[in-house]
Amino acid sequence: TVTELTEADLMEGDVTVAVDATTVNYKDGLAITGKAPVVRRWPLVPGIDFAGTVLSSDNPDWRKGDRVILNGWGVGETHYGAYA
(Lines give C-alpha, C1' and ligand atoms only; values in the text may rest on other atoms or scores of the structure.)
Protein backbone atom coordinates (compact mmCIF):
# COMPACT_ATOMS: atom_id res chain seq x y z
CA THR A 1 0.00 0.00 0.00
CA VAL A 2 0.97 3.63 -0.33
CA THR A 3 0.90 5.49 2.98
CA GLU A 4 1.71 9.09 3.87
CA LEU A 5 4.43 9.30 6.53
CA THR A 6 5.45 12.14 8.78
CA GLU A 7 8.91 12.71 10.21
CA ALA A 8 7.65 11.11 13.44
CA ASP A 9 7.06 7.86 11.48
CA LEU A 10 10.68 7.57 10.34
CA MET A 11 13.05 5.02 11.86
CA GLU A 12 15.78 6.11 14.23
CA GLY A 13 18.98 7.09 12.50
CA ASP A 14 21.72 9.64 12.73
CA VAL A 15 21.17 11.46 9.41
CA THR A 16 17.95 12.76 7.84
CA VAL A 17 18.08 13.57 4.12
CA ALA A 18 15.66 15.50 1.91
CA VAL A 19 15.62 13.29 -1.19
CA ASP A 20 15.90 15.27 -4.42
CA ALA A 21 16.13 12.33 -6.83
CA THR A 22 15.69 8.57 -6.76
CA THR A 23 14.96 5.77 -9.20
CA VAL A 24 12.96 2.59 -9.38
CA ASN A 25 15.65 0.08 -10.18
CA TYR A 26 15.44 -3.67 -10.60
CA LYS A 27 15.97 -4.41 -6.91
CA ASP A 28 13.21 -1.94 -5.93
CA GLY A 29 10.91 -3.64 -8.43
CA LEU A 30 11.59 -7.01 -6.80
CA ALA A 31 10.90 -5.52 -3.36
CA ILE A 32 7.66 -3.84 -4.41
CA THR A 33 6.27 -6.88 -6.20
CA GLY A 34 7.47 -9.37 -3.60
CA LYS A 35 9.10 -11.49 -6.33
CA ALA A 36 12.33 -11.91 -4.34
CA PRO A 37 13.30 -11.60 -0.67
CA VAL A 38 14.87 -8.13 -0.94
CA VAL A 39 13.13 -6.55 2.05
CA ARG A 40 14.53 -7.96 5.29
CA ARG A 41 11.92 -6.51 7.71
CA TRP A 42 8.31 -5.40 7.41
CA PRO A 43 6.84 -2.88 7.13
CA LEU A 44 9.51 -1.11 5.12
CA VAL A 45 9.71 1.71 2.60
CA PRO A 46 11.72 0.74 -0.52
CA GLY A 47 14.11 2.91 -2.50
CA ILE A 48 17.70 1.68 -2.63
CA ASP A 49 19.36 4.79 -4.03
CA PHE A 50 19.01 8.55 -3.81
CA ALA A 51 20.63 11.95 -4.02
CA GLY A 52 19.67 14.75 -1.67
CA THR A 53 20.56 17.26 1.01
CA VAL A 54 21.22 16.55 4.68
CA LEU A 55 18.47 18.13 6.83
CA SER A 56 19.90 17.07 10.20
CA SER A 57 22.73 14.91 11.44
CA ASP A 58 24.04 13.48 14.70
CA ASN A 59 26.95 11.94 12.77
CA PRO A 60 30.17 13.98 12.72
CA ASP A 61 30.83 12.98 9.09
CA TRP A 62 27.72 14.78 7.77
CA ARG A 63 26.45 18.31 8.38
CA LYS A 64 23.18 20.07 7.59
CA GLY A 65 23.33 21.26 3.98
CA ASP A 66 25.76 18.58 2.76
CA ARG A 67 24.81 17.11 -0.62
CA VAL A 68 24.84 13.30 -0.55
CA ILE A 69 24.45 10.29 -2.83
CA LEU A 70 23.60 6.87 -1.43
CA ASN A 71 23.34 3.43 -2.99
CA GLY A 72 22.78 0.36 -0.89
CA TRP A 73 24.06 -0.03 2.67
CA GLY A 74 20.78 -1.67 3.71
CA VAL A 75 18.60 1.23 2.61
CA GLY A 76 15.37 -0.16 1.21
CA GLU A 77 16.20 -3.56 2.76
CA THR A 78 16.56 -3.07 6.53
CA HIS A 79 16.16 0.71 6.83
CA TYR A 80 13.52 2.97 5.25
CA GLY A 81 14.56 3.83 1.74
CA ALA A 82 14.37 6.81 -0.57
CA TYR A 83 10.60 6.61 -1.02
CA ALA A 84 10.21 7.58 2.65
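Counting charges near Thr22 (Lys, Arg +1; Asp, Glu -1) among other residues having Cβ under 14 Å from its Cβ returns a value of -2.
Placing unit charges on the Cβ atoms of the charged side chains and taking the dipole of the chain about its Cα centre, the candidate lying farthest along the positive direction among Ala21, Gly65, Thr53 is Ala21. Close amide-amide hydrogen proximity is noted between Val17 and Leu55, each under 5 Å apart and 5 or more residues distant or on a separate chain (H modeled in the peptide plane; Pro and chain starts excluded). Simple spin-label estimate for Thr33 and Thr78 gives 2.7 nm between the two label positions (7 Å along the Cα-to-Cβ direction from each Cα).
A 1.4 Å probe over all protein chains sorts Leu10, Leu30, Leu55 by accessible area into Leu55, Leu10, Leu30, starting with the largest. How high is the relative contact order of the chain? Use alpha-carbon pairs under 8 Å, at least six apart in sequence, and give a whole percent. RCO, the chain: 35 percent. Under the combined filter of DSSP loop state and at most 12 neighbouring Cβ atoms within 10 Å, the chain retains these trypsin sites (Lys or Arg not before Pro): Lys35, Arg40, Arg41, Arg63, Lys64. Only one of the values [x] 22, 14, 11; [y] 37, 12, 11; [z] 18, 15, 11 was calculated from this structure for semi-axes √(5λ) of the Cα gyration tensor in Å; name its label. Read-out taken from this structure: [x].
A 1.4 Å probe over all protein chains sorts Asp61, Asp14, Asp66, Asp28 by accessible area into Asp61, Asp14, Asp66, Asp28, starting with the largest. Each DSSP beta bridge with both residues in the chain is either parallel or antiparallel, and the antiparallel ones are about 90%.
Label separation (Asn25 vs Glu12): 2.9 nm, computed from points 7 Å beyond Cα along the C-beta direction. At 222 nm, what value in deg cm²/dmol follows for the chain if DSSP H runs of at least 4 each add -39500 (n - 2.57) and the sum is divided by all its residues, to the nearest 500? It lands at -2500 deg cm²/dmol.
The values are calculated or read from the model by the stated rules, or taken from the named source; none is laboratory data. A quick note: this is a predicted structure, and the numbers were derived from the prediction, not measured. A quick note on method: Cβ atoms are made from the backbone with ideal geometry, for glycine too, and the neighbour counts reach across all protein chains shown. Keep in mind that these areas ignore ligands, DNA and RNA; they rest on the heavy atoms of the full protein, side chains included. Shrake-Rupley method; radii C 1.70, N 1.55, O 1.52, S 1.80 Å.
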